[in-house]
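The values are calculated or read from the model by the stated rules, or taken from the named source; none is laboratory data. What you see is a predicted model; the values in this text were computed from it and never measured. Neighbour counts are summed over all protein chains in view; Cβ atoms, including those assigned to glycine, are modelled from backbone coordinates with ideal geometry.
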C-alpha cells in the first residue's frame, strides 16, 4: 500500500537558473522565517516543557507544533483529530514542501506564500477509522530511528548539494543522481514531519522512494 503522505516533484535537471541558484539561500530567507529550513531537531525540551517536532519549522511550524501538542491530548482522549488543526497543519506542510524544495535547489520558480500552483506538491490522506492511540502516545519514541537515519541522510545531502551548487553554476545542469537523492531526502523528511505532527498513524517507510 502507498504511504498516506505523498510528495510529487516535477523534475528539473537541465537549463537551471544560475543566478537564483547562486543566491538561493538569501532568496529563501522569507520562507525560512515562516516555514523553516531543512535542519533536523526533534525531541522534548525539558527545560521549558515544550515538545519540538520536525525542527526548524519557522513561525508557522511553531504554531503547528503547539497544535500537535493539543492534538496529542485530544486524540488520546477522544480518538479524533480536530478538523481545523488538520487543515492548518496540512496547509503548513504543503507550504513547507514547496519552500524546502526551492531551498534544496530542486526547483527554480520562486515558491508562493501560501497555497498556489507549484511544481512540488504534498498530499496527506486522513487516517480511516479511529486513531491509533498507542502510536500517538509514543510518537516521539517511535520516531527516534527515523530521526537518527535522517540525520545521516541530511549530512550526505549537504555534501551532495554543495557539489550540485557548483555544478549548476558551471554547467546549468543538476546531475540526475544527485537530484534524485535530494528528492528522496525531501520525501523522507516530509513524511517524518507529517508523522511527528500526528497527521498520520502509519509508520513511515525507511525509503527514499515514492
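Figures for the structure shown
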{"read-out": "Residue identified as surrounded by fewer than 17 Cβ atoms within 10 Å (Cβ to Cβ) and over 14 Å from the mean Cα position of the chain (by Cα) among 139, 133", "value": "133"}
{"read-out": "Candidate set from the stretch 113-125 (those that are in contact with a helix residue (DSSP H, G or I) (Cβ under 7 Å, 6 or more places away or on another chain) and in a loop (DSSP other than H, G, I, E, B)); member that is surrounded by the most Cβ atoms within 10 Å (Cβ to Cβ)", "value": "118"}
{"read-out": "Residue within the stretch 85-105 that is modelled with pLDDT of 95 or more, assigned to a loop (DSSP other than H, G, I, E, B) and in contact with a helix residue (DSSP H, G or I) (Cβ under 8 Å, 6 or more places away or on another chain) present", "value": "yes"}
{"read-out": "Residues of the stretch 154-179 satisfying the condition of being in contact (Cβ under 8 Å) with a residue 40 or more places away in the chain and under 30 Å from residue 201 (Cα atoms)", "value": "154, 157, 179"}
{"read-out": "Residue within the stretch 57-64 that is closer than 19 Å to residue 193 by Cα, outside any helix (DSSP H, G or I) and modelled with pLDDT under 95 present", "value": "yes"}
{"read-out": "Residue count, the stretch 73-84 (criterion: farther than 26 Å from residue 34 by Cβ and part of a loop (DSSP other than H, G, I, E, B))", "value": "2"}
{"read-out": "Qualifying residue in the stretch 31-49 (condition: at pLDDT below 95, in contact with a strand residue (DSSP E or B) (Cβ under 9 Å, 6 or more places away or on another chain) and surrounded by 15 or more Cβ atoms within 10 Å (Cβ to Cβ))", "value": "yes"}
{"read-out": "Residue check, residue 90 in contact (Cβ under 8 Å) with a residue 24 or more places away in the chain and either under 21 Å from residue 39 (Cα atoms) or surrounded by 13 or more Cβ atoms within 10 Å (Cβ to Cβ) (or both)", "value": "yes"}
{"read-out": "Test: residue in the stretch 179-187 that is farther than 21 Å from residue 2 by Cα, in a helix (DSSP H, G or I), modelled with pLDDT of 95 or more and out of contact with any strand residue (DSSP E or B) (no Cβ under 8 Å at 6 or more places or on another chain)", "value": "yes"}
{"read-out": "The stretch 126-137, residues that are part of a loop (DSSP other than H, G, I, E, B) and in contact (Cβ under 8 Å) with a residue 40 or more places away in the chain", "value": "126, 127, 130, 131, 132"}
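To keep it simple, each residue is scored yes or no on (1) exposed (fewer than 15 other Cβ atoms within 10 Å of the Cβ); (2) within 15 Å of the chain's Cα centre (by Cα).
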position	(1), (2)
161	no, no
166	yes, no
176	yes, no
183	no, yes
188	no, yes
193	no, yes
196	no, yes
